Structure formats: structure tokens, C-alpha cells
Amino acid sequence: QVQLAESGGGLVQPGGSLRLSCAASGRTFSCFAMAWFRRGPGKEREVVAAIKWSANHTHYAESVKGRFTISRDNAKNTVYLQMDSLKPEDTAVYYCACDPRGGKYEYWGQGTQVTVSS
């Protein structure tokens, strides 16, 4: 079983920055890839960024390219999402997820709220 715990959300003004963290743990921890998803008010859940655990491959939604950066720390089993130049449209609950074998995201965190407002 893989457990994921997000942290770092909060209230920030437009143009500001936040850094989200996701710590993974478990007796048989193994993630082929990890990703950040978000669900905004009245919107469908969407993938924001993804990264392979042991490779230099990343994916970003078009809406966040150039503003968000996903990274990982293998020794700490932690993935990060650096969010810069935040916009009100970025307001959402952000979820960390683990794809254990390259098929689908099966393990999810509880989510952390990000609110971008003046």
C-alpha cells in the first residue's frame, strides 16, 4: 500500500508563488510515475504535471507551462510542484497521485487547497 500526503497549499495573491510537496510512503513503495491533479470549482479533475520516478520525463498542462515546475527527490520519496505567477484560475484542490506500473494512477492523497485571490 502506498500512502501520499500533500502539503503547502494556502491563500496567495495573483502573481505570487507556492510550493506543494507530496511525501510517499509504504511497505512496498513503487511508483512508475507521479503526478499533480487539480479540481477547480465547477470543473472536471485535470492533470497539471507529471514526472517519471526514475527518468527525466515531465508533462505539463498547456495552461501551466512556463509557470509550474514538477520535480522529485528520490532519497526522500517526495515530489514537488513549484507554482509561480499564480492566477485566480489556478484556484483548486490539488491532489498528488501515484501510477505504480505505467497503467493508471491508483493511489491518491487527500488534497490540499490552493486559493489565488486578492
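The values are calculated or read from the model by the stated rules, or taken from the named source; none is laboratory data. Values in this document were obtained by computation on a predicted structure and should not be read as measured data. Reconstructed Cβ throughout: ideal geometry from the backbone, glycine too, with neighbour counts over all protein chains shown. SASA here: full protein model, heavy atoms, side chains in, ligands and nucleic acids out. Shrake-Rupley method; radii C 1.70, N 1.55, O 1.52, S 1.80 Å.
One table, with the values for the structure above:
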| quantity | calculated |
| --- | --- |
| Residue match in the range 23-37 (condition: within 16 Å of the chain's Cα centre (by Cα) and among the charged types (D, E, K, R)) | no |
| Search result, residues across the range 1-56 that are more than 25 Å from ALA75 (Cβ to Cβ) and either buried (at least 20 other Cβ atoms within 10 Å of the Cβ) or out of contact with any strand residue (DSSP E or B) (no Cβ under 8 Å at 6 or more places or on another chain) (or both) | GLY15, ARG38, GLY42, GLU44 |
| Qualifying position, being assigned to a strand (DSSP E or B), touching a residue at least 12 places away in the same chain (Cβ under 8 Å) and touching a Leu at 6+ places or on another chain (Cβ under 7 Å), among ALA5, ALA23, ALA49 | ALA49 |
| Test: residue in the range 98-114 that is over 17 Å from GLN1 (Cα atoms) and open to solvent by 70 Å² or more (accessible area, probe 1.4 Å) | yes |
| Residues located in the range 26-46, provided they are of a type in the set (D, E, K, R), part of a loop (DSSP other than H, G, I, E, B) and in contact with a Lys or Arg (Cβ under 6 Å, 6 or more places away or on another chain) | ARG45 |
| Identity of the residue in the range 53-91, among the charged types (D, E, K, R) and modelled with pLDDT of 95 or more, that ends up farthest from LEU11 (Cα to Cα) | GLU62 |
| Residue within the range 63-78 that is touching a residue at least 12 places away in the same chain (Cβ under 8 Å), under 12 Å from the mean Cα position of the chain (by Cα), more than 19 Å from SER30 (Cα to Cα) and open to solvent by 20 Å² or more (accessible area, probe 1.4 Å) present | yes |
| Residue identified as in contact (Cβ under 8 Å) with a residue 12 or more places away in the chain and farther than 15 Å from VAL47 by Cβ among VAL116, VAL93 | VAL116 |
| Looking only at the range 84-94, and only at residues there that are in contact with a Lys or Arg (Cβ under 7 Å, 6 or more places away or on another chain) and crowded, with 17+ Cβ neighbours inside 10 Å, the one that is farthest from CYS31 (Cα to Cα) | ALA92 |
